[in-house]
Amino acid sequence: MTDDSTPPSATPTVHAGGLDTTRAVLLAIAFVVVAVIALSSLTSSDGSKPNGPASAVTTTTVARAHQKNHPAVNRSEIQVQVANGTATAGVATSVTATLQEQGWSTLPPVNASSTAPSSTVYFAGGRRAAGLQMAKDLKLPASVVQPLTTSVPVPGANGDDLVVLVGPDLNGAG
């Protein structure tokens with residue numbers, strides 16, 4: 001059998017634009033598939049279909065909810081006590097100067113009643129967000145932020161919002 005013997009029903013029909021029926025059907029199917037995928041991406045997981053302004057409101061609401069979990073810290077309203085927990089003189093003074101440059105309200109630096117194996121940021125009630133910001137400003141991990149208790153080895157720290165106990169990892173900061 002040669003190519004000339006193809007039955008007439010198998011011969012593609014060519015339309016005025018030069019596109020055969022098979023290609024037209026395939027393009028139509030591809031268009032429908034792409035349209036379904038595009039529309040499904042606009043549908044949220046709960047089945048609702050947000051329009052442009054509604055999705056912007058949703059994004060704003062989520063951003064505001066996130067801000068409530070991590071409120072902005074007004075550094076100038078936070079009383080910070082820095083205590084030297086190292087054997088190196090002047091470390092608390094250096095860290096205090098660094099914090100003042102960053103806008104924190106600092107008290108005069110003091111010496112801790114004992115040495116510290118590492119730096120710790122202690123926060124008084126309701127000041128955890130400030131403590132986390134302080135740790136970030138000092139390039140310390142969030143794990144160093146702890147509640148302020150009476151066992152903190154810093155004399156007179158009970159009335160402070162934050163207490164930074166400087167350990168060897170901040171030795172020379174500033």
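The values are calculated or read from the model by the stated rules, or taken from the named source; none is laboratory data. Since the model is a prediction, treat every value here as computed from it, not as a measurement. Counting neighbours? That spans all protein chains shown, and the Cβs are built from the backbone with ideal geometry, glycine included.
Below are the figures for this structure:
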item	result
Matching residues, the range 97-113, being part of a loop (DSSP other than H, G, I, E, B) and surrounded by 15 or more Cβ atoms within 10 Å (Cβ to Cβ)	Trp104, Leu107, Pro109, Ala112
Residue that is assigned by TED's automatic domain parsing to the domain that holds Asp161 and assigned to a helix (DSSP H, G or I), where the choices are Thr93, Thr86, Thr150	Thr93
Residues within the range 131-151 that are in contact with a strand residue (DSSP E or B) (Cβ under 6 Å, 6 or more places away or on another chain) and among the small types (Gly, Ala, Ser), tallied	2
Any chance Ala130 is closer than 15 Å to Thr106 by Cα, in the same structural domain as Ser114 (by TED's automatic domain parsing), small (Gly, Ala, Ser) and over 20 Å from the mean Cα position of the chain (by Cα)	no
